[in-house]
Amino acid sequence: MQKHKIIKKIVNEGIVAVIRANNSIEARNIIEAVRLGGISSIEVTMTVPHALDLIKEITSHYQGEDVLIGVGSVLDPETARAAILAGAQYVVSPCLNPEVIKLCNRYMVPCMPGAMSVKEVVEAIELGADIVKVFPGEVLKPNFIKAIKGPLPQANLMPTGGVALDNVQDWVKAGAVAIGVGGALTSGAKTGNFDLVTETAKKFVNVLKEARLKQEGLK
């Protein structure tokens, strides 16, 4: 899929599921549960054991389906390149590493670096980041995005960390183009309750849709 189509899909659907797991089997079960719940943008973090093998496996498994597989927790360009070769369709970082952004742009792969200041957001945009990940969201809060959008209305911002069902509307109202959701979405996996993960995914999809409709009504 072409770069602009990947970005458009992520923004249109509005939710990236952040996958952390103790092993590949648990990760696969979480991914399928999230997909069944209506979320098709999946971020496999490098903290999952054998993450690159998992990315290669699931990109093959979901080939031809409406599913995007990305890689998260990328700290350096070497990891980004290895993940891209394994099949990752977009790259997410917890911090701003210019070399990671440059590499992704070199291979026309969407990149979402983390930022937690105006300076970092501006630098990420100047380097060519497609979406800037506001991280950690539980520290920065929705008002951070609202404040950034004042001088930088063109910034595409996606909070990750601290995003929950009861604050999705706040993030959307503040100007987030999408949300990254981890523990609040996948907590059911801790007890092996993947049906709960699916149901929670459905709730996030519905809450986001309602929040966007409400926001559009305010315009």
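Descriptive notes on the structure:
- Cα-based reach from LYS56 at 20 Å (exclusive), listing aspartates and glutamates while leaving out same-chain residues under 8 positions away: GLU26, GLU32, GLU43, GLU65, ASP66, ASP76, GLU78
- With 32 Å as the limit, the listed pairs LYS9/LYS146; LYS102/LYS141; LYS119/LYS203; LYS119/LYS202; LYS146/LYS190; LYS149/LYS190 have LYS119/LYS203; LYS119/LYS202; LYS146/LYS190; LYS149/LYS190 beyond it between alpha carbons.
- Restricting attention to the chain, close to 0% of DSSP beta bridges with both partner residues there are antiparallel.
- Other residues within the sphere of radius under 11 Å centred on the Cβ of ALA124, judged by their own Cβ, net out at -2 (K and R +1, D and E -1).
- Residue ranges 10-21, 114-125 sort as 10-21, 114-125 when ordered by packing (mean number of other C-beta atoms within 10 Å per residue, highest first).
- Cα-based shape type of segment 14-114, given that a ≥ b ≥ c are square roots of the gyration tensor eigenvalues and the cut on a/c is 1.5: prolate
- Exposure ranking of ASP66, ASP130 by accessible area [1.4 Å probe, largest first]: ASP66, ASP130
- Once both labels are positioned 7 Å from their Cα atoms along Cα-to-Cβ, the gap between LYS5 and LEU152 label points is 3.0 nm.
- Residue-by-residue Karplus 3J(HN,Hα) for segment 123-133, coefficients 6.51, -1.76, 1.60, Hz, glycine and proline x: 4, 4, 5, 4, 7, x, 5, 7, 9, 9, 7
- Calculated from backbone phi, Karplus (6.51, -1.76, 1.60) coupling profile of segment 77-91 in Hz, x at Gly/Pro: x, 4, 5, 4, 5, 4, 5, 4, 5, 7, x, 4, 9, 7, 10
- In the context of the full set of protein chains, residues of the chain present 46 Å² of accessible surface per residue (probe radius 1.4 Å, heavy atoms only).
- Backbone phi angles across segment 5-22, fed through the Karplus curve with coefficients 6.51, -1.76 and 1.60 (θ = phi - 60°), yield HN-Hα couplings of 6, 5, 4, 4, 5, 4, 5, 5, 7, x, 9, 10, 7, 8, 9, 10, 7, 7 Hz in residue order; Gly and Pro are listed as x.
- Across ILE42, ILE25, ILE101, mean-square fluctuation computed from a Gaussian network of the chain (C-alpha pairs under 10 Å connected) peaks at ILE25.
- Net +/- balance of residues flanking ALA174 in space, Cβ distance below 9 Å, scoring K and R +1, D and E -1: +3
- For the chain, built as a Gaussian network whose Cα springs stay under 10 Å, the top-fluctuating residue of THR191, THR160, THR79: THR191
- GNM flexibility winner over the chain from SER40, SER187, SER93 (Cα, springs under 10 Å): SER187
- Per atom type, the chain shows carbon and sulfur on 53% of its accessible surface, probed at 1.4 Å.
The values are calculated or read from the model by the stated rules, or taken from the named source; none is laboratory data. Keep in mind the model is a prediction, meaning the values are calculated, not measured. For neighbour counting, all protein chains shown are included, and Cβ atoms are generated from backbone atoms with ideal geometry for every residue, glycine included. With ligands, DNA and RNA removed, areas are computed over all heavy atoms of the protein, side chains included. Shrake-Rupley method; radii C 1.70, N 1.55, O 1.52, S 1.80 Å.
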